[in-house]
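Before any comments, here is the structure.
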Amino acid sequence: MDMDLLLVDDEEGIRTVLSLSLADAGYRVHTARTGEEALAVFDRVRPSLVLTDIKMPGMDGIELLERLKHRDPDVEVIMITGHGDIDLAIQSIQHEAADFVTKPINDAILGIALKRARERLDMRRRLRQYTTNLEQLVAEKTRELVRAERLAAAGQAAAGMAHAIKNIAGGLEGCIFLLEQGLRQDRRNYLEQGWEMLKSNVEKIKDLSLALLDYSRPEELRPRLVDPAGPLEEVAALMRPRAAELGVDFHLEKAPDLPQALLDPEAMHRCLLNLVVNALDACAEDQERRASCRVELRVEPESGGGVRYVVRDTGPGMDTQAMDMLFTLFFSTKGGAGTGLGLASSRKIVEQHGGALDVESAPGQGTAFFVRLPAPGVRAAGDKGKNPTI
Amino acid sequence: MQKTVLVVDDEMHLRIFIGAVFETAGFKPVLARDGEDGLNKARAQKPDLVSLDLMMPGEGGIRMFRELKADPKLKDVPVMIVSAVGGPTFEHALETLRAATGGPLPGPGAYVEKPPKPEALLAAAARLLDNG
């Protein structure tokens, strides 16, 4: 069996007799005469089993029990009591003794007490093993899942990109056809059309690569306290000519009493520009009602000291299916004209600011995007702490 | 006699390209930029063949397909679907439409995946017109 057992008794006779029978039962027996000596032996040997008398001069059995349990909560301690020590026996059980045996000691009864203590030790050991294994298993499976999810996301992104490239390649094949036929049949209109189509496809490749770069750039934000109206005013100035060209009603509204906001103005500029370009594209889509379309930009204070940007259009709006896909890489409602990267990168910028990007839309009702930024030094609700606080 | 093909696609470059493919093969192309425009031109010109995109703003290509098939004068004009929407997805949409309207609705004569290759467009056209 090869198990260490510490026997503590101040009576030499008992130590001798019990040592013999315990050694015979297969234990490696260590003895101590007092509680203090017992602790010293325990620290050296670290036995799993301790058999101790309750009544001893100096440190008694109960105190020894407490100190042993403090050193190792798993140690099994069996108390030896005299007749009439039933109160002490109960007290020891309350202090988590494994069992007690009464003097004079019956070998069979001691044998049963020791066997039960061993079983408990064994059970605890196995339980701990299972738990550790289970934890390892969970950790391993979690790692596998995370890996699989990353692969799936990368696969989805790659598939989306392949689709975008395939469309552009298809467009270029169309150009080749037109240019070839134009040269062969000497038809100027084919040459002109092929040439226009070539330019538009080159533009698409440029947009795609720029948007990809924009999205994958590990952005280092340089936030500072600024007037939050600044980036929106710049974007409005930039896009006003395009709105006029489309005949779209274009408005910028700046609420009074705007607090300063902690943000990276260049990053916010890019984020808002995506939203405003989308709003104008949505209006442009409906050629008949384009003239009655309206794009509204607002910046206003939020409760709690934060700031909210609103970009609203009265374009055709989106159904729930499109809304679900909205932030998916390479998904675009603009057909071949969109890269499907703009909104994803806008959201990334907002989240890096500890904020949230929300959308409201319904078919025929137009679309509104809301950029909510927390007050300086406050983390927004729902921010899971994955981004640095700014 | 020169056959007329109605090319319906919201993307201008693709419309011009598909039109040119048919023109160089001896067809007379008529271009339309959405389903409504397409239906008007189909009724006015009664083409021999329709090349139809599915995903278009406004009513979309499925609506136009259904109206063509419901029009006694146009229901026998062969239609080829030219779309990035997969064939099975379109079949599913047709099933749904059949269930919703309760009426019979034939499938398209041909299906060409976007971006279309000139040979694929012309092969589909030849097959559809032979059958007609």
Would you calculate the separation in nanometres between label points at A:E149 and B:K3, each defined as 7 Å from the Cα along the Cα-to-beta-carbon direction?
5.4
With 0.36 nm assigned to each residue of separation and the Cα-Cα distance removed, A:R240 to A:A322 gains 26.8 nm
Regarding the stretch A:142-216, what is the average projected area of its C-alpha convex hull, in nm²?
5.5
Test of understanding: what is the full-extension gain from A:I165 to A:E66, defined as 0.36 nm times their sequence separation minus their Cα-Cα distance?
28.3 nm
To the nearest 20 debye, what charge dipole does the stretch A:191-232 have about its Cα centre, counting +1 at the Cβ of each Lys and Arg and -1 at the Cβ of each Asp and Glu?
160
Average beta-carbon neighbours from other chains, 10 Å sphere, peptide B:12-24
6
Which of rounded, prolate or oblate describes the stretch A:290-331 when judged by the alpha-carbon gyration tensor and an a/c cut-off of 1.5?
oblate
May I ask you to list the residues of the stretch A:63-84 whose amide nitrogen lies under 17 Å from a point 7 Å from Cα along the Cα→beta-carbon direction of A:I112?
A:78-81
Using the C-alpha atoms of the stretch A:224-373, what convex hull volume per residue, in cubic angstrom, is computed?
106
Counting pairwise Cα distances across chain A, what percent come out greater than 36 angstrom?
55
Spacing of the two label points (7 Å from each Cα toward its C-beta) at A:I105 and A:Q185, in nm:
11.1
The protein assembly as shown: calculated mean residue ellipticity at 222 nm from DSSP helix runs of at least 4, using -39500 (n - 2.57):
-17500 deg cm²/dmol
Under the Cβ-under-4.7 Å rule, which cysteines of chain A stay unpaired?
A:C175, A:C271
Which pairs break 26 Å Cα to Cα here: A:K199/B:K117; A:K204/B:K28; B:K28/B:K117; A:K204/B:K3; A:K69/A:K115?
A:K204/B:K28; A:K204/B:K3
Three-way shape label, the stretch A:5-117, alpha-carbon gyration tensor, a/c 1.5:
rounded
Number of partner chain Cβ atoms within 10 Å, mean per residue of B:77-84
1
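Here, each number is a calculation from the coordinates, and none is a lab measurement. Note that the coordinates shown come from a computational prediction; the quantities given were computed from them, not determined experimentally. Neighbour counts are summed over all protein chains in view; Cβ atoms, including those assigned to glycine, are modelled from backbone coordinates with ideal geometry.
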